[in-house]
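Here's the structure we're looking at; comments come further down.
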Amino acid sequence: MNGAFEYRDGLLFCEQVDLTEVAARAGTPCYVYSAGALRRAFGVFEEGLAGLPHLVCFAVKANGNLAVLRLLAEAGAGFDIVSGGELFRVLRAGADPAKIVFSGVGKTREEIEAALQAGIHSFNCESEAELMLLSSLAQHLGKTARAAIRVNPDVDAATHPYISTGLKRHKFGIDIAEAEQLYVRAAELPGLALEGASCHIGSQLLDVAPLIEAAERMGALVERLRARGIALRFLDLGGGLGVPYRKDDPWPDVPRYLAAVRELAERLQVELLLEPGRFIAGPAGTLLSRVLYRKTGGGKEFLIVDASMTELIRPALYEAHHEMLPLRQPGRGRLVADIVGPVCESSDFLAEEREIENLLPGDYLAVMTAGAYGFVMASNYNARPRPCEVLVEGGRWRVVRQRESHEDLVRGEEV
Ligand code: LLP
């Protein structure tokens, strides 16, 4: 389904570009994204939903690079944002404001005002207090805010606890049992067009059954509301589709998922919104790194590389698995090693006890499936400049975000 990264004569390529050349010229650590893979993954949704009134809103939190956002906007994507900063980014990238949805449990007054001024598609509201604030700000600005209530459908997403969001005990959304009453109360609020319902039950789901279960519960809610005279016009089912991080992981059954949600939207006669992030950007990106040192200790072998938890925090934070591929297959056999970065934390590892090609200092490796929740979660801990980002398109590549400099690190500070 992806196919952007493959070996040719022992060299790892992204599309028609030799990644060793990128690593040598752009330096490491460095994120590389495939334009073709981004477009193909986005196209999966467009094809599956063709003919249905729909909007595929890329979740900007997964990858906010301006060039990536521009490419997706040109392909017809809308955007799911969660902050004023993400609103600024998508507008800067040239997004159509009418295709932006604003999610998030803690929107500030300033963020809501900026989104109202921009004229976004809708707000996914997560509390009664937020609906009331939205109503008063919209009235004040002489606007009508389109809104959905983010409902918590109480479905177990069966994913890592840190990225599961759809159970009653989570901070997200309004309990589905209480949502109906809130719709009735909020329908009276001035300045609001409460026309939608939204949900998002969690991320990295390889089984689509919980996503379909949540969609059905949302559909039933739409029908109950209709029976009470509240007619919703759109249903936003969030993101959540997973990707295979391990080479033996399955892809989620996306055709089955899209067929199910399409059938639901047709039956309810609503516009369908989706908010995929990882599925579009994850497999389209890789993080290039260089081996700095090898050492053994405590009976273990360590490969110390120049990428760390500051570039990719997923292994440290979620014990996430990312495949590691050498940029050249040196044919020196294999070894089992911990692949660790330079940061002063024991949790600074990219992989533990991993069987990998026998790499030596100076060799490059690619941390795969790093296009989503990679650069966006990068930090400057240990005063490490954030890495550069490269976009590959066919046989060409360009730096779409420069590596940070030491001056960047102290910008705005005073002695
Ligand atoms: N919509 C909402 C309201 C969300 O909260 C999220 C993700 C998405 C859409 C996109 O979900 P996706 O299609 O990417 O699964 N940092 C974590 C992932 C956190 C996801 C948070 N919400 C990770 O690295 O795995």
Subject >> Search result, residues across the stretch 12-36 that are under 15 Å from Met368 (Cα atoms) and either part of a strand (DSSP E or B) or in contact with a Pro (Cβ under 6 Å, 6 or more places away or on another chain) (or both) >> reply: Leu12, Phe13, Cys14, Pro29, Cys30, Tyr31, Val32, Tyr33, Ser34
**OP:** Out of Asp253, Asp236, Asp306, report the one residue that is of a type outside the set (S, T, N, Q) and open to solvent by 30 Å² or more (accessible area, probe 1.4 Å).
**Re:** Asp253
Original post:
Out of all the residues in the stretch 67-98, which are under 25 Å from Glu47 (Cβ atoms), in a helix (DSSP H, G or I) and touching a helix residue (DSSP H, G or I) at 6+ places or on another chain (Cβ under 8 Å)?
Top reply: Val68, Leu69, Leu71, Leu72, Ala73, Val90
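Here's the yes/no breakdown for (1) of a type in the set (A, V, I, L, M); (2) closer than 18 Å to Tyr257 by Cα; (3) in a strand (DSSP E or B):
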| site | (1), (2), (3) |
| --- | --- |
| His170 | no, no, no |
| Val184 | yes, no, no |
| Asp207 | no, yes, no |
| Ile212 | yes, yes, no |
| Met218 | yes, yes, no |
| Leu221 | yes, no, no |
| Arg224 | no, no, no |
| Ile230 | yes, no, no |
Original post:
Does Arg217 satisfy being more than 15 Å from Gln269 (Cα to Cα) and either away from the ligand (no atom under 12 Å from the Cβ) or of a type in the set (S, T, N, Q) (or both)?
Top reply: yes
Original post:
Which residues, taken from the stretch 222-256, are closer than 30 Å to Met324 by Cβ and either out of contact with any strand residue (DSSP E or B) (no Cβ under 7 Å at 6 or more places or on another chain) or not assigned by TED's automatic domain parsing to the domain that holds Gly196 (or both)?
Top reply: Val243, Pro244, Tyr245, Arg246, Lys247, Asp248, Asp249, Pro250, Trp251, Asp253
Original post:
Just one of the numbered conditions (1) within 16 Å of the ligand (Cβ to nearest atom); (2) of a type in the set (Ser, Thr, Tyr); (3) surrounded by 18 or more Cβ atoms within 10 Å (Cβ to Cβ) is not true of Ser379; which one?
Top reply: (3)
Subject >> Every residue from the stretch 187-210 that is open to solvent by less than 10 Å² (accessible area, probe 1.4 Å), closer than 17 Å to Ala265 by Cα and within 12 Å of the ligand (Cβ to nearest atom) >> reply: Ser198, Cys199
**OP:** For the stretch 244-319, please list each of the strands (runs of 3 or more DSSP E) lying entirely inside it that holds at least 2 residues being touching a Gly at 6+ places or on another chain (Cβ under 8 Å) and more than 16 Å from the ligand (Cβ to nearest atom).
**Re:** 285-297, 300-305
Original post:
buried (at least 19 other Cβ atoms within 10 Å of the Cβ) and either on the phi > 0 side of the Ramachandran plot or free of Cβ contacts under 8 Å to residues at least 12 places away in the same chain (or both) - does that describe any residue in the stretch 28-48?
Top reply: no
Original post:
For the stretch 107-125, what are the residues that are open to solvent by 10 Å² or more (accessible area, probe 1.4 Å) and either of a type in the set (Phe, Trp, Tyr) or within 18 Å of Ala197 (Cα to Cα) (or both)?
Top reply: Lys107, Ile120, His121
Subject >> Residue list for the stretch 320-357, filter: outside any loop (DSSP other than H, G, I, E, B) and of a type in the set (A, V, I, L, M) >> reply: Met324, Leu325, Leu335, Val336, Ala337, Ile339, Val340, Leu350, Ala351, Ile356
Original post:
Within the set of pairs 6 or more residues apart or between chains, which connect a residue that is part of a helix (DSSP H, G or I) inside the stretch 358-381 to a residue that is of a type in the set (Ser, Thr, Tyr) and open to solvent by less than 40 Å² (accessible area, probe 1.4 Å) with Cβ atoms less than 8 Å apart?
Top reply: Phe375/Tyr31; Tyr381/Thr310
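For every residue, the table says whether it meets (1) closer than 28 Å to Ala220 by Cα; (2) within 16 Å of the ligand (Cβ to nearest atom); (3) of a type in the set (Gly, Ala, Ser).
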site: Arg92; (1), (2), (3): no, no, no
site: Glu128; (1), (2), (3): yes, no, no
site: Ala145; (1), (2), (3): yes, no, yes
site: Ala157; (1), (2), (3): yes, yes, yes
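Residue by residue, here is whether (1) more than 19 Å from Tyr245 (Cα to Cα); (2) open to solvent by 50 Å² or more (accessible area, probe 1.4 Å) holds:
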site	(1), (2)
Leu317	no, yes
Glu323	no, no
Pro330	yes, no
Val343	yes, no
Leu350	no, no
Glu353	no, yes
Leu359	yes, no
Original post:
Tally time: how many residues in the stretch 56-66 are open to solvent by less than 20 Å² (accessible area, probe 1.4 Å) and away from the ligand (no atom under 13 Å from the Cβ)?
Top reply: 1
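The values are calculated or read from the model by the stated rules, or taken from the named source; none is laboratory data. Owing to the predicted nature of the structure, the values given are computational and were not obtained by experimental measurement. Ideal geometry is used to build each Cβ from the backbone, glycine not excepted, and the neighbour counts take in all protein chains shown. Keep in mind that these areas ignore ligands, DNA and RNA; they rest on the heavy atoms of the full protein, side chains included. Shrake-Rupley method; radii C 1.70, N 1.55, O 1.52, S 1.80 Å.
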